[in-house]
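Below is one structure, written out as structure tokens; the observations come after it.
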Amino acid sequence: MRLTQRLLLGSLLVVTVLVVVVVAVIDWRLYRRMGEESAAQLAREARLVATQWTAGVDADAVADAAGAALGHRVTLIDHGGRVVGDSEFDGVALASLENHARRPEVLAAASVPVGAARRVSASAGDEELYVAVRTPLGFSRASVSTRQAEEIFARARRDVYLAGALALLAATALAYLFSRAVSRPIVELRDVARAMAAGDLARRPSLSAPGEVGDLALALHRLSEQLGSRLARLQAEESLLKELFDALNEGAVAVNAAREVVRINDVGRRLVHAPPTLPFPADHLPRDRVLREALDAALGGEVAGPVEVTLDGDTLSLTARPLTDGGAVLAFFDLTPLRRLETVRRDFVANVSHELRTPLTVISGFAETLADEVAPPDRTHAFANTILANTRRMQRIVDDLLDLSRIESGGWVPNPITVSVADIAADAIAPCAPIAEAKGVPVELRVADDARTVYADPTALRQVLGNLVENAVRHTAAGQVVVSSERTAEGVVLAVRDTGVGIAPEHLPRIFERFYRVDTGRARSSGGTGLGLAIVRHLVEAHGGRVRAASAPGQGTTISCVFPGRG
């Protein structure tokens with residue numbers, strides 16, 4: 001039920017009760033007052049008649065004259081109770097009236113000046129009001145039928161009821177106006193409060209309401225403004241904290257006291273493979289013993305870690321800290337790249353040491369031989385050539401390492417231009433031509449009409465093709481090597497295909513790693529450093545391209561380089 005209706009009904013209830021009470025009191029008081037006035041009037045009339053009743057005067061004549069003048073019954077009674085005069089009875093009827101000495105009004109008048117009684121008349125047969133006064137000759141009594149008084153009272157009662165009904169109607173109209181005036185600002189304040197509770201802090205109450213309601217509206221207006229400003233600050237802080245939380249390089253997982261994950265950043269979601277929706281039970285986190293023990297310790301109020309855990313092959317550093325509300329925060333730092341770098345560093349040192357040990361051993365051995373023995377000139381010349389060959393091999397390893405380090409560190413940036421594929425390929429093939437001719441392996445160049453040029457750094461492209469052609473000639477005993485170019489949706493693709501021994505599938509993913517060799521002994525004996533394909537991959541990727549390899553044992557190998565720039 002609306003507030004206006006409740007106020008109206010409440011006001012009407014109060015007004016109705018008041019009207020009923022007032023009408024009842026007035027009705028009772030009017031009835032009593034009219035009775036008292038009727039009795040007083042009859043007493044006055046009885047006294048007036050008593051003044052006319054003297055000794056020697058016909059009492060019945062006095063009663064008849066007074067009854068005719070007053071319009072109601074007048075009775076004269078002597079001290080013995082005998083009726084000596086009555087305005088309604090004469091002669092025989094008068095003589096036959098009962099003795100009135102025991103009438104209530106007569107008995108009362110005998111002890112007090114005025115006696116009154118309301119009763120049914122034995123002679124008239126209806127209810128009448130009798131008032132008697134004591135006189136020197138007896139009692140003078142005047143009476144009137146109560147029917148007349150009741151009719152007068154009924155008319156007065158109708159007037160009172162009519163006045164009460166009019167008052168109730170007027171009160172209803174006033175109560176309606178009052179309820180509207182009171183409820184309208186309250187309803188407005190209710191709507192504003194609901195809007196504020198729903199998050200709409202732009203709503204403002206009207207400030208024109210009078211009295212305390214106006215004060216409440218003003219207070220609500222100020223409260224809305226303060227909440228709006230505070231909410232804006234909280235939202236800004238929440239947004240900042242969320243951005244900081246999500247921008248962490250560490251994985252962060254917040255768990256409440258009910259063991260539910262309530263917040264997790266993107267790194268943490270990736271590391272623990274969390275469900276997409278929040279919150280979710282902490283039991284959905286990986287079932288690792290170290291992780292569970294750290295979480296239990298943090299939920300128990302203790303700091304755990306940092307400790308290392310391994311989740312799905314990733315090595316993570318885990319720290320668990322308790323929160324003031326009984327929850328916990330788990331911080332994961334991914335150590336996998338560091339461990340991988342450590343492994344690469346160890347492998348790199350081992351590979352470089354291994355690659356340099358062999359030529360150093362050869363150089364040292366032959367140099368000691370030359371220093372300690374006097375060898376024939378032909379052997380001295382052979383020893384010197386061996387020392388020179390191994391020195392050059394070490395120089396190539398060092399040069400390739402320097403090139404690779406410069407590329408990986410960002411110290412070299414390609415300067416691409418549009419160059420001729422045929423010219424660059426010819427420059428790359430020339431150093432390998434004598435070896436290819438000696439092995440009987442022709443090197444063929446096939447340039448597509450729509451791929452005659454490529455957008456690349458000339459020096460880098462020359463090194464890429466040179467390394468690929470050198471590898472192809474080195475690993476091809478019979479057949480041919482083909483250098484080709486073609487244009488695809490990806491860009492210009494330069495490929496070097498040989499008909500050599502090929503590469504087993506398990507080796508293909510790793511052939512672009514530093515010092516990785518499919519056949520270690522054969523590659524080292526042929527003079528390879530194990531860094532050529534790694535340099536090729538870095539140079540091509542520096543152009544925004546990519547390198548791919550396709551091979552099968554006994555069917556040769558094809559290395560393709562995609563250059564996405566305009567050619």
In whole Hz, with x marking every Gly and Pro, tabulate ³J(HN,Hα) for the stretch 15-29 from phi via Karplus 6.51 cos²θ - 1.76 cosθ + 1.60, θ = phi - 60°. 5, 4, 4, 4, 4, 4, 4, 4, 4, 5, 5, 5, 4, 5, 5
Taking each pair of distinct Cα atoms in the stretch 3-152 once, what is the resulting Kirkwood hydrodynamic radius in Å? 17.1 Å
Once the convex hull of the alpha carbons of the stretch 248-331 is built, what does its volume come to per residue, in cubic angstrom? 81 Å³
For Phe280, other-chain or 5+-apart residues with amide H closer than 5 Å (H placed, Pro excluded) are Val261
Per-residue HN-Hα couplings for the stretch 36-50 [Karplus 6.51, -1.76, 1.60; θ = phi - 60°; Hz; x = Gly/Pro]: 5, 5, 5, 5, 5, 5, 5, 5, 5, 5, 5, 5, 4, 5, 4
Output the peptides 462-471, 166-175, 38-47 sorted from most to least packed, where packing is the average of other Cβ atoms within 10 Å over each peptide's residues. 462-471, 38-47, 166-175
Regarding the stretch 31-108, what's the average projected area of the Cα-atom convex hull, expressed in nm²? 5.7 nm²
Subtracting the Cα-Cα distance of Leu48 and Ala95 from 0.36 nm times their residue separation yields 14.5 nm
Mean separation of Cα pairs under 8 Å and 6+ residues apart, divided by the residue count of the stretch 3-152: what relative contact order is that in percent? 22 percent
Tell me the net charge near Gly67. Cut-off is 9 Å between Cβ atoms, Gly67 excluded, with +1 for each Lys or Arg and -1 for each Asp or Glu. -2
Simple spin-label model, 7 Å along Cα-to-Cβ: Val329 to Ile417 in nm? 5.6 nm
Sorted by Cβ neighbour density within 10 Å, fewest at the top, the residues Val144, Val536, Val454, Val419: Val419, Val144, Val536, Val454
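No value in this document is a laboratory result; all are computed from the given coordinates. The model shown is predicted, which means the values in this text are computed figures rather than measured ones. All Cβ positions, even for glycine, are placed from backbone atoms using ideal geometry, and neighbour counts span all protein chains on display.
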